[in-house]
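Notes follow the structure.
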Amino acid sequence: MNRIGRTWDTIVDRHPIGQFTDACLRGASQVMLQNNPLTGLLILAAVAWGSIRTGTPAVVVGAVVALIVGTFTAVLLRADTASWRQGLFGFSPLLTGAALPSFLATRPLLWVYLVVGAAVTTVVTLALSNVLKTWGVPALTFPFVLTSWFLLMGAYQFARIGISTLGHPALPAQASSRLAEVPYTFGFLAVGMLKGVAQVFLVNDWISGIVMLVALAVSSRVVALAAVLGTVVGTLVAIGLGVYGDQVGNGLWGFNAVLTAVALGAVLYRPSPAVTGYALLGTITAVCVQAALTTALTPLGIPTLTAPFVVATWLFLLPKRDFAPIPHHERVEEATAVTTARPKR
Amino acid sequence: MNRIGRTWDTIVDRHPIGQFTDACLRGASQVMLQNNPLTGLLILAAVAWGSIRTGTPAVVVGAVVALIVGTFTAVLLRADTASWRQGLFGFSPLLTGAALPSFLATRPLLWVYLVVGAAVTTVVTLALSNVLKTWGVPALTFPFVLTSWFLLMGAYQFARIGISTLGHPALPAQASSRLAEVPYTFGFLAVGMLKGVAQVFLVNDWISGIVMLVALAVSSRVVALAAVLGTVVGTLVAIGLGVYGDQVGNGLWGFNAVLTAVALGAVLYRPSPAVTGYALLGTITAVCVQAALTTALTPLGIPTLTAPFVVATWLFLLPKRDFAPIPHHERVEEATAVTTARPKR
Amino acid sequence: MNRIGRTWDTIVDRHPIGQFTDACLRGASQVMLQNNPLTGLLILAAVAWGSIRTGTPAVVVGAVVALIVGTFTAVLLRADTASWRQGLFGFSPLLTGAALPSFLATRPLLWVYLVVGAAVTTVVTLALSNVLKTWGVPALTFPFVLTSWFLLMGAYQFARIGISTLGHPALPAQASSRLAEVPYTFGFLAVGMLKGVAQVFLVNDWISGIVMLVALAVSSRVVALAAVLGTVVGTLVAIGLGVYGDQVGNGLWGFNAVLTAVALGAVLYRPSPAVTGYALLGTITAVCVQAALTTALTPLGIPTLTAPFVVATWLFLLPKRDFAPIPHHERVEEATAVTTARPKR
């Protein structure tokens, strides 16, 4: 393993194409907040397997094309080199490239739409990173979410971009008890939870989920453990609150919880018992936010994507930076004085 | 009165439970931007009276439980002590706790939902306060609004969380003149305006409104006056523009105006004739924003809560900090140079 | 021409009314990101011509009234004088004043609504400019968009504010190929593209479009060229993706592209081949964002206004300020340390 690593590093250092490939592979791993080319390679293999197995090979093709386009766009825009080498400009385009063929008809024009969308995702990554730097918080996968929402909503107005599997725009309705109270067996739950890992990449396949957990373990066992706990907690909370059984079976209540658990419990805070408790509350919040955004987006006929993860993680990252809110009973003038007096963060 | 005050301070200083109770009572008063335990106690009494009288005792139970849970969560998260003692971590959870039983069925699982929601409201308070500190603006009740919107929208996807009195999701329609042109008598208007004060706490009772005005007067007569003017202006503007008479009778066009008038006219700016005019424009704006958000949320079947107050108050607070917009005809590079050269706020 | 300019400057310097008129005329030109009173005068003439010719004279009356009210409100609020003289407090109110009579019934109460709306637009201009100053980005026309959205959505709840030409709230549906595949002739396209320029001011008239291009050329030939390229690119991209032919004919796919091309390609970045390419991608993005927001706003029955221009331009302005995103795999604590250590922008 170490020898492979050393050989790889040598190749990467010598050739621009090696460097570019390394940045792309790390980009694939950055979706799960990792910085490891082997993890990225295994993840891409899992996406390929799952998308071919479920009869949607365009998903893996779109993901790889967008990963390359997005990473290359960052070169053209002369983005920060250190960030680029860590794959930070690849992971959001990759997801945009996986999402479009998942929901739109794979006509020739879609690929133009996808390439432009991948390039724009990189611009959006730069824009949002700059905004969020003010509070020391990462953009996470929000560049993907925002760009893909635009492209999916846009498709409704474009007769030449066909919609395939987006839900029909409708008014929200209360979930029916009959569809929620299904007999949950161990096998059913295990498959749903493993698919929950794979759904991070819009793949509906439990074997892909296993490969992705292995990929994470290659990079960090703590992260792999957090991912498992995330999909278990997310799925069980959703069942406890009464979501539809078929959604559970397809892993749809796992992926946002997986990402939130990994981000809060294993990567962005130093793991500890207190952090685990805090990350648990954040993961439960991600489930509620997912339900809320599902309701909010029902009239528009678009999916939440990973927005619930992003919102929950932001809400649980921001407090740790400063625990004192502005006392809102004070006058603005006084508040200003205080702000001016204090050294700025 | 002073003797009661002194005795209370002695109790508070000696016992942790006294301190905690004090923080909770001040939290109840902070909904109205006050920092006074007696005001908080009277407000809680008014909420209890109104919620029992209207046959929804779960509202006051939820409010008190959430106030305690939210305040305690801030202890666990080691939030800023001075802010905590002023009740700044209690008021938003209190409102979340009043809102959930107002709109959702009071099944056992609701109380778990409510306790988690109260804790999350405190996390959101910390997060939003940190973000808004950049512009020296308080989060107001937005942590309550955001968390409650998530929990109410989420309820549609959860079969085991029942919806009781949320409006059915629907497409917006122009208000009918027939329902707007009702005969407004003095008694009808007075009751509607007093209910407008009580609706700040989701209570539909005019006697509660009177008690709350008394509670405010205990803390500050200027604030009580601003609250009265707020509900009068808000209600009259809404009638003038042609809202439905039953909404006026239930005080629904008063509560956002009350909060905006108190915030802009009496608490966050130093009262003066100019500030009164500015606050008047802000209060009218709050009415228009309430109408706008009512339209925007109709397809989702959730209420505006106090978001109109928050939006109008933010828009009218932000300008006073600096009156020079960036000249958008200048090049970005030049703008950057200017920004860099100036000392930072 | 120069002599007229000198005479004008003399008048402006001597009389307060001259100064005020100058600020208003410059305000009219600032909609197109120019700072030139003659350009403003020609634009107002074009708006007058177009709005009278299309049988909606209330549009030009509303625009002029709101321009005056908004500019005067900035005086009352003691806004930054240099910005005020450049017309930076006039352009957003002008658009609010053009938009309300375009979509709402011109009853007497509308004019009260419009005057209040114009004053509030100036408050919102100050608020948003202050927020966006954090990132050195201008508010563009977003104060107009936000205020007008509030007032248009609000109209649904107000029986005494009538809706005239707003689209009926509806659930979005995929665009039909039949309505998209119309025979595009050169004349049809030219008229649609010229109307695309005029639609920046909600005017549906191609001669107005020509006058506006002349007005821009008076201020800057590069800007006029960018406007032409913008409407051509926007219209052709929209046709290529399959929008409805009647929308193309009414210039509805031109105006956001015009503004984006002017802002990114000619005003806010120094023109160069690289900037032209970047602005082209931004203009294409504006078309997609317009389609997306059209879908998002269909259930609410309100138009996108110039929000697509604002969103696309913000996304393409923000990256140029700093190309390094926060490496999201690092711990928050470390990120904090880095942020603290660096000198603040």
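The values are calculated or read from the model by the stated rules, or taken from the named source; none is laboratory data. What you see is a predicted model, and the numbers here were worked out from it, not measured in a lab. Ideal geometry is used to build each Cβ from the backbone, glycine not excepted, and the neighbour counts take in all protein chains shown. Protein only, heavy atoms only, side chains kept; ligands, DNA and RNA dropped before computing areas. Shrake-Rupley method; radii C 1.70, N 1.55, O 1.52, S 1.80 Å.
A compact table of results
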quantity	calculated
Boolean, residue B:180 is more than 14 Å from chain A (Cβ to nearest Cβ) and at pLDDT below 95	yes
Residue within segment C:167-177 that is over 30 Å from residue C:150 (Cβ atoms) and more than 14 Å from chain A (Cβ to nearest Cβ) present	no
Entirely in segment C:1-63, the helices (runs of 4 or more DSSP H) that have 3 or more residues that are in contact (Cβ under 8 Å) with a residue 40 or more places away in the chain	C:16-30, C:37-53
Exclusive hit being in contact (Cβ under 8 Å) with a residue 60 or more places away in the chain and under 29 Å from residue C:133 (Cα atoms), set B:128, B:140, B:152	B:140
Any chance residue A:62 is more than 10 Å from every other protein chain (Cβ to nearest Cβ), at pLDDT 95 or above, open to solvent by less than 10 Å² (accessible area, probe 1.4 Å) and more than 25 Å from residue A:11 (Cα to Cα)	yes
Segment C:4-31, subset loosely packed, with under 15 Cβ neighbours inside 10 Å and of a type in the set (Val, Ile, Thr), residue nearest to the chain's Cα centre (by Cα)	C:17
Check on residue C:81, open to solvent by 10 Å² or more (accessible area, probe 1.4 Å), within 14 Å of chain B (Cβ to nearest Cβ) and modelled with pLDDT under 95	yes
Cβ-Cβ under 8 Å pairs, at least 6 apart or on other chains, segment C:230-242 side not assigned by TED's automatic domain parsing to the domain that holds residue C:174, far side open to solvent by less than 10 Å² (accessible area, probe 1.4 Å)	none
Residue list for segment B:230-275, filter: among the aliphatic types (A, V, I, L, M), open to solvent by less than 40 Å² (accessible area, probe 1.4 Å) and not in a helix (DSSP H, G or I)	B:243, B:268
